[in-house]
Each structure stands twice: as structure tokens, then as C-alpha cells.
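Peer 1: I am attaching a structure below and will ask some questions about it afterwards.
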Amino acid sequence: MINYTIRPAIENDFEAILGLIKELALFEKAPDKVTNTVSQMKAEKDFFQAWVAEKSDGEIIGMALFYDVYYTWVGRSLYLDDLYVKEEYRGSGVGQKLLDKVIEIGKQNNCKRIRWQVLDWNIPAMEFYQKIGANLDGEWINCDLE
């Protein structure tokens with residue numbers, strides 16, 4: 001059992017958060033896709049929220065990064081861009097606690113939906129999301145314009 005707290009991220013956490021983002025990109029087999037920087041995160045901090053899981057020794061072991069969106073079919077919503085827990089802490093409830101916090105914030109803000117993506121080969125994540133009642137919609141295709 002690990003001792004940790006879930007708390008809102010502050011600017012001093014951005015370096016650790018970016019480290020987790022890079023770990024996630026490596027896990028997703030796309031390490032070269034991360035172009036974000038700590039200075040960019042600081043400049044754009046008003047566009048996202050993040051919560052972190054922090055061990056009692058100060059190590060950040062997980063994070064949830066999300067932002068407000070508006071979907072025409074349902075209205076105000078949240079988009080969970082990244083939910084990530086360091087590999088050695090997976091299965092200990094950290095991811096669930098981070099997701100619970102995002103859900104709580106969505107409810108507090110009268111959001112109608114929380115949306116996120118999962119890679120079609122990430123079976124453990126899909127099983128986790130289905131267990132909490134998420135609908136995994138295989139019908140829609142991502143469209144990115146960079």
C-alpha cells in the first residue's frame with residue numbers, strides 16, 4: 001500500500017507532468033510526437049487543469065490533465081487528454097482516484113459528458129474504462145490537423 005494524495009497541480013509540477021506525458025508517449029509508441037515544453041505549459045496554463053498523485057516523499061506518480069469543451073449534441077463537457085500512472089503504481093487505485101477527481105469536477109461544473117480516447121491495443125485500459133461504465137465507441141475516427 002502506497003501513501004499518496006490527489007491534489008491540484010501547480011506550476012512547479014509541470015516538469016514532472018511533462019515527464020509523465022513523455023512516459024505515456026513512449027508507452028504509446030510515439031515518443032517523438034511530444035513537442036510540448038514546461039515553458040509552453042506555463043504560458044498556456046489557463047487552457048487546462050491537471051491533478052496529480054503525489055507520494056509522501058514528493059514524487060509525482062500519476063496525473064490527469066483535462067480541459068473544458070463544448071459538444072453541440074450535449075453541451076458543456078470535459079475532455080480528459082491524459083490519465084497516466086507510472087507503471088510500478090498501476091493496479092493500486094491511483095488511476096481510479098485521479099479519474100474520480102475528474103468526474104467530481106465534471107459534476108460540480110454541470111458537465112454533460114467526459115470524453116477521452118484509448119488506443120485500440122491498450123486492453124488493460126479499455127477493461128478499466130468499461131469496468132467503470134464508460135462507453136467505448138469504435139465508430140468514430142480521429143481527425144487531426146497540425
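Quick note: the coordinates plus some simple rules give every number you see, no bench work behind them. Worth saying up front: this structure is predicted, and the values here are computed from it rather than measured. Glycine gets a Cβ as well: all are built from the backbone with ideal geometry, and neighbour counts include every protein chain shown.
Peer 1: Quick check: convex hull over the Cα atoms of segment 44-86, volume per residue in Å³, rounded to an integer?
Peer 2: Hull volume normalised by residue count: 85 Å³.
Peer 1: Continuing with this model, one more query. Relative contact order (percent) for the chain, with alpha-carbon contacts under 8 angstrom and 6 or more residues of separation?
Peer 2: Reported as a whole number, the value is 19 percent.
Peer 1: Another question, then. Grab the Cα-Cα distance for Q130 and N3, subtract it from 0.36 nm times how many residues apart they are, and report the gain in nm with one decimal.
Peer 2: 43.0 nm
Peer 1: Work out, step by step, the length gained on full extension between K45 and E23: first 0.36 nm times the residue separation, then minus their alpha carbon distance; give nm to one decimal.
Peer 2: Residue separation times 0.36 nm, minus the Cα-Cα distance, leaves 5.9 nm.
Peer 1: Can I ask one more? Looking at the calculated P(r) for segment 1-76, what percent of the C-alpha pair distances fall above 17 Å?
Peer 2: Everything past 17 Å amounts to 52 percent.
Peer 1: Here is a further query. Got a sec to turn the phi values of segment 23-37 into Karplus ³J(HN,Hα) couplings, 6.51 cos²θ - 1.76 cosθ + 1.60 with θ = phi - 60°, whole Hz, x for Gly and Pro?
Peer 2: Those phi angles translate into 4, 4, 4, 5, 4, 7, 6, 9, x, 7, 7, 7, 10, 5, 9 Hz.
Peer 1: Next question, about the same structure. If I compute Rg and Dmax of the Cα atoms in Å from the structure I just sent, which labelled value in (1) 31.8, 117; (2) 15.1, 44; (3) 14.1, 50 lines up?
Peer 2: Given (1) 31.8, 117; (2) 15.1, 44; (3) 14.1, 50, the calculated one carries the label (2).
Peer 1: Grab the DSSP H runs of the chain that are 4 residues or longer, score each as -39,500 (n - 2.57), total them, divide by all residues and round the 222 nm result to the nearest 500 deg cm²/dmol.
Peer 2: Using -39500 (n - 2.57) per qualifying helix, the result is -9000 deg cm²/dmol.
Peer 1: Report the label-to-label distance for D137 and A30 in nanometres (one decimal), using points 7 Å from each Cα along the Cα→Cβ vector.
Peer 2: Each label point lies 7 Å from its Cα, and together they span 1.9 nm.
Peer 1: Continuing with the same structure: Could you tell me which of the pairs K22/K112; K22/K107; K22/K101; K42/K112; K33/K107; K42/K131 are separated by over 27 angstrom between their Cα atoms in the structure shown?
Peer 2: As for pairs spanning more than 27 Å Cα to Cα, those are K22/K112; K22/K107; K42/K112; K33/K107; K42/K131.
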